[in-house]
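The values are calculated or read from the model by the stated rules, or taken from the named source; none is laboratory data. Fair warning: this is a prediction, and the values are worked out from it, not measured in the lab. Note: ideal-geometry Cβ built from the backbone for every residue, glycine included; neighbour counts use all protein chains shown. Heavy atoms of the whole protein, side chains included, go into the accessibility calculation; ligands, DNA and RNA do not. Shrake-Rupley method; radii C 1.70, N 1.55, O 1.52, S 1.80 Å.
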Amino acid sequence: KSLGKPYLFAITATTRAPRPNERHENEYLFLTSSEFDRVLDSGGFLEWAQVYGNRYGVPKDPIDNALANGQTVIIKTDVQGASTIRKLISPAVFIFLAPSSLNELERRLRDRFTESEPDVSLRLRTARAEMGHQAMFDYTVINHEGELEQTVSEIEAIINLEEGRILSSDT
């Protein structure tokens with residue numbers, strides 16, 4: 001779902017193979033290992049990490065350009081990435097997007113049929129651990145099944161509130 005403003009939605013690069021319905025430069029930038037290495041070696045990632053056996057990185061140039069033009073940037077990352085970005089970008093606001101429950105997350109993972117049993121188990125262990133880091137985020141939004149519009153509305157309300165705070169502190 002697209003929010004109503006001209007935000008930059010940062011597209012993460014990954015070395016993992018695309019899922020059947022994913023397209024390059026839409027959901028992710030799908031890179032070979034050597035392509036990822038080239039970007040990494042040139043300092044082209046804001047942050048990167050090895051996750052679930054693949055590498056993921058947030059390309060720096062689009063974010064730098066958007067911020068230089070006063071545009072709001074939305075980056076989807078994990079707890080580790082958020083910790084790194086918090087040190088690099090100020091002001092930044094961090095929203096923890098949480099499932100309504102770990103049981104619900106497990107059902108969603110299993111229903112999409114994209115991970116093996118060991119991968120589902122790993123993702124659930126990781127989610128459990130990450131849930132323990134919610135306090136490092138400024139906000140938590142619960143992503144309830146079937147309520148995507150509500151989740152998007154909550155995120156947009158937070159962005160509007162924080163943009164207002166930033167603008168009022170600049171005057």
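Quick look at the numbers
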| item | result |
| --- | --- |
| Count of residues meeting criterion [open to solvent by 40 Å² or more (accessible area, probe 1.4 Å), β-branched (Val, Ile, Thr) and either modelled with pLDDT of 90 or more or under 16 Å from the mean Cα position of the chain (by Cα) (or both)] in the stretch 87-116 | 2 |
| Flag if Arg19 is over 17 Å from the mean Cα position of the chain (by Cα) and of a type in the set (D, E, K, R) | yes |
| Condition check for Val51: modelled with pLDDT under 90 and touching a Lys or Arg at 6+ places or on another chain (Cβ under 7 Å) | no |
| Pairs, first closer than 21 Å to Ala92 by Cβ and part of a helix (DSSP H, G or I) in the stretch 145-162, second open to solvent by 80 Å² or more (accessible area, probe 1.4 Å) and modelled with pLDDT under 95, C-beta under 6 Å, six or more apart | Val152/Lys1 |
| Pairs with Cβ under 9 Å, 6+ apart, first in the stretch 51-66 and assigned to a helix (DSSP H, G or I) and open to solvent by less than 30 Å² (accessible area, probe 1.4 Å), second of a type in the set (Ser, Thr, Tyr) and at pLDDT below 95 | Ala66/Tyr7; Ala66/Thr72 |
| Hits in the stretch 117-132 - residues which are of a type in the set (A, V, I, L, M, F, W, C) and either modelled with pLDDT under 90 or open to solvent by 70 Å² or more (accessible area, probe 1.4 Å) (or both) | Val120, Leu122 |
| Boolean, Glu130 is in a helix (DSSP H, G or I) and touching a Gly at 6+ places or on another chain (Cβ under 9 Å) | no |
| Test: residue in the stretch 105-121 that is part of a loop (DSSP other than H, G, I, E, B), small (Gly, Ala, Ser) and in contact (Cβ under 8 Å) with a residue 40 or more places away in the chain | no |
| Residues being open to solvent by less than 70 Å² (accessible area, probe 1.4 Å), assigned to a strand (DSSP E or B) and not small (Gly, Ala, Ser) - total across the stretch 1-50 | 8 |
